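Written below as structure tokens is the structure these notes are about.
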Amino acid sequence: MSNTLFTKVDYTLSSLTDDIAHGKLGLPDIQRPFVWKNVKVRDLFDSMYRGYPVGYLLFWETGVQPGTKQIGTDDKQLVPSRLIVDGQQRLTSLYAVIKGIPVVRDNFSTEKIEIAFNPLDEKFAVPDAAIKRDKRYIPNISAIWDSGTNLIEFSSDYVEGLKAQNEDITSDDVKRAQRALGRLHALLHYPFTALELSQQVTADQVSDVFVRINSLGAKLNQSDFILTLMSVFWDEGRRQLEDFSRLSRTPSDGSASPFNHLFQPTPDQLLRVAIAVGFRRARLSAVYAVLRGREAADEVTSSANPVSQFDHLKRGQAAALRVQYWHDFLRCVTLAGYRTSKMISSEASLIFAYAFYLIGRTDFGVEEYALRKAIAQWLFVSSVSGRFTSSPESKMEFDLARLRNVSNDKEFLAVIDDICSSTMTNDFWSITLPSDLATSAARSPSMFAFFAALNVLDARALFSQHTVRELMDPATRGTRSALERHHLFPVGYLKKQGIDDQRDYNQIANFAIVEWGDNGAISDAPPSEYVPAFEKRFDQKTLHEMYRHHALPVGWQDMAFEDFLKARRTLMAETIKAAYERLAGAPHAPHAMPQLADLIAGSESDAVEFKSTLRTNLHTGERDARMEMAVLKTIAGFLNTQGGTLIVGVSDDGSPVGLEPDGFENEDKAALHLINLLKDRLGGHNALHVHPRFDDHEGHRVLVIECDRSKSPVFVKDGQAERFYVRYGPSTQELHGSTAQGYIQQRF
């Protein structure tokens with residue numbers, strides 16, 4: 001038929017293996033590495049020996065001129081004129097066994113395929129120790145096709161060994177064995193039929209053909225085709241990718257090596273980095289067209305000579321495979337808080353971050369300190385936002401396009417900062433991220449971002465003396481991980497409460513990072529039972545900081561489960577935001593406690609206010625809800641403005657009153673009363689921005705309440721109403737309606 005895309009060509013096994021050996025037929029190419037089990041190779045030889053058909057082969061004409069040499073320093077064969085599209089596993093099996101050469105496995109280790117043969121029974125086997133000792137078997141049939149093997153001598157040696165082990169061998173047995181050996185050797189003449197696609201066929205058509213005729217239906221992608229072109233024009237370069245990938249998984253012998261515990265890239269991932277650096281492109285289809293010597297559809301300059309285009313790829317790959325650059329980049333990853341491979345939900349984010357790192361370092365000469373900080377910020381943003389979860393090539397193409405008009409290091413860093421700031425909007429922090437955290441997905445980007453944030457903030461593990469970073473060290477491995485994810489509300493406890501759906505009790509907001517020993521001790525106890533024992537390990541300041549980092553609302557152990565989840569999601573988003581701001585250059589310094597005497601001596605202001613009591617009306621001597629409301633108004637006003645300090649136990653003129661009029665049994669009772677007020681009237685998540693402490697003033701104990709600047713609006717519940725307060729000079733004022741809305745819109 002004149003409109004077919006292929007021609008039919010007949011081969012023998014001998015001609016195929018010779019073409020592979022001489023470089024006329026490229027092997028292996030698209031489906032690398034070799035994935036067949038040896039049992040399947042045994043079955044292939046058995047089928048051929050019995051004269052069964054073993055399927056068509058599919059080749060693709062490369063269109064290169066005869067005699068074209070490879071790029072690079074190796075002295076390998078000529079550039080192949082045909083590439084294997086379908087049948088690579090079969091031909092790899094046959095070529096490896098016939099020639100006695102090793103194959104590359106999917107973990108990039110090498111292995112020789114050994115197939116045994118029993119000429120008496122005419123059976124093939126994968127040899128084990130017993131078969132190798134059994135003289136009835138040829139332990140490795142590769143020997144029969146060795147260039148130094150004489151078939152007659154080989155047959156005689158086999159018979160002699162057989163007789164030495166078994167005296168009952170008859171002349172008929174010998175003849176049968178010799179015929180079988182001759183038949184095995186004659187497999188070199190086994191016929192194959194190949195369908196050869198013409199060089200005019202596009203990569204998309206080749207992929208479509210492959211899927212339609214291949215029972216596995218594994219669709220080929222553009223990286224497969226580019227790696228194939230590398231086998232044609234620059235096989236040395238492809239081997240470099242594979243070696244780097246293999247060595248990243250293999251502990252070093254002390255020499256420089258890409259080995260690490262965090263990320264082991266595949267050859268096609270490294271190829272993407274090399275292409276992004278060399279061509280400033282992410283769409284591999286465009287780069288593939290250029291490497292084929294054809295004009296790309298999206299304005300990539302092409303050349304009639306594909307060999308010259310490999311210069312760009314070689315430049316990018318040289319940077320990508322430079323071990324020092326690789327380890328310097330991995331420091332960016334750990335700076336962003338990602339310490340182990342289990343925390344990586346999107347390898348595309350890592351790959352593209354590495355490409356940006358290399359471009360900044362090699363093309364724009366960005367100073368290492370600034371570059372590391374910028375890439376860590378960019379990676380954190382990409383990971384938490386799931387930036388490359390869908391259409392990664394398109395998004396990276398857009399990012400790379402923004403570098404086209406960049407001419408120096410400052411402009412490069414400005415592009416990074418702009419990408420980050422345009423992604424991390426107020427709506428993302430207040431709406432998108434809390435919504436993303438409302439999931440039980442085991443590998444949620446937002447969950448890993450929260451764990452990364454704990455590392456960035458140098459937080460302790462919950463109820464631990466050790467930081468999360470210390471316990472997450474990937475180089476330290478015991479029989480159990482030092483850290484474990486713990487259900488804050490244990491599963492057994494929740495099931496007793498009727499919450500037995502996995503999607504509910506495995507919510508991200510129900511997990512915290514603890515030491516494994518603590519996890520076992522907690523078991524199925526409700527938080528109201530196990531938390532008090534753990535809290536005794538720490539002073540109030542340490543415990544408050546720990547709860548703030550781990551996004552635990554004040555009084556969380558006594559909250560209803562659904563209320564707890566809702567409150568914690570908001571706080572988790574704030575923890576992640578705090579980590580991002582630190583990476584972006586706004587580190588959160590420890591809260592500095594002002595001197596009490598200085599605060600009181602300065603009288604009331606927009607940042608300082610005095611209250612005589614927490615709950616008692618000094619005129620009546622009775623508990624008065626209006627006193628509590630006055631305290632809550634002031635705290636909310638500070639939170640909604642710029643923060644401040646409220647001192648309870650001091651009159652308006654600064655005279656000491658003390659806590660005695662409130663009638664609390666002790667300071668713990670007073671602190672618990674305040675915490676309950678905050679939790680009930682302001683919300684437990686807002687209480688984390690409030691830092692109470694007790695202090696002495698002129699012989700009296702007073703309560704000092706430090707308030708941070710809140711990142712979201714804080715309302716005070718007053719019966720059925722919710723009121724919004726701000727500080728204005730030394731007073732607290734309530735805002736209503738459009739005035740409140742305008743303030744909130746501008747402030748938050």
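The values are calculated or read from the model by the stated rules, or taken from the named source; none is laboratory data. Keep in mind that this is a model prediction, so the values were computed, not measured. When we count neighbours, we look across all protein chains shown, and the Cβ atoms used for this are built from the backbone with ideal geometry, even at glycine. For the accessible areas, the whole protein counts, side chains as well, though only heavy atoms, and no ligand, DNA or RNA atoms are used. Shrake-Rupley method; radii C 1.70, N 1.55, O 1.52, S 1.80 Å.
Figures for the structure shown
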item	result
Carbon/sulfur fraction of accessible area - the chain, other protein chains in place, 1.4 Å, %	48
Solvent-accessible area per residue, Å², over the chain with all protein chains present [probe radius 1.4 Å]	46
Among 400-409, 444-453, the order from most to least packed when residues are scored by Cβ within 10 Å on average	444-453, 400-409
Label point distance in nm, residue 47-residue 642, each placed 7 Å from Cα along Cα→Cβ	8.0
Pair residue 653, residue 467: separation of 7 Å Cα→Cβ label points (nm)	5.1
Rounded Å value of the spacing that divides the Cα centres of region 378-447 and region 632-657	40
Rg/Rg_globular for region 673-713, with Rg_globular taken as 2.2 N^0.38 Å and Rg from C-alpha atoms	1.34
Label corresponding to Cα extents along the principal axes in Å when calculated from the structure given, among [x] 122, 66, 50; [y] 81, 77, 52; [z] 100, 67, 63	[x]
Gained length - residue 721 relative to residue 135, 0.36 nm times residue gap less alpha-carbon distance	201.6 nm
Calculated [θ] (222 nm, deg cm²/dmol) that DSSP helices of n ≥ 4 give over the chain, each run adding -39,500 (n - 2.57)	-13500 deg cm²/dmol
Mean Cα-pair separation over length for the chain, i.e. relative contact order, pairs under 8 Å, 6 or more apart, %	8
All aspartates and glutamates inside 14 Å of residue 496 as judged from Cα atoms, apart from same-chain residues fewer than 8 positions distant	504, 524
C-alpha center-to-center spacing [region 673-734, region 486-549] in angstrom	27
Protection-proxy order for peptides 495-502, 460-467, each taking the mean of Cβ atoms within 10 Å per residue, highest first	460-467, 495-502
Over 31 Å between alpha carbons, listed pairs 132/175; 373/717; 536/679; 37/135; 24/123; 410/566	373/717; 24/123; 410/566
Listed peptides 47-53, 250-256, 200-206 by packing density, highest first (mean Cβ within 10 Å)	200-206, 47-53, 250-256
Span-rule helices in the chain, defined as complete DSSP H runs reaching 20 Å or more along the axis (Cα) with Kyte mean at least 1.0	none
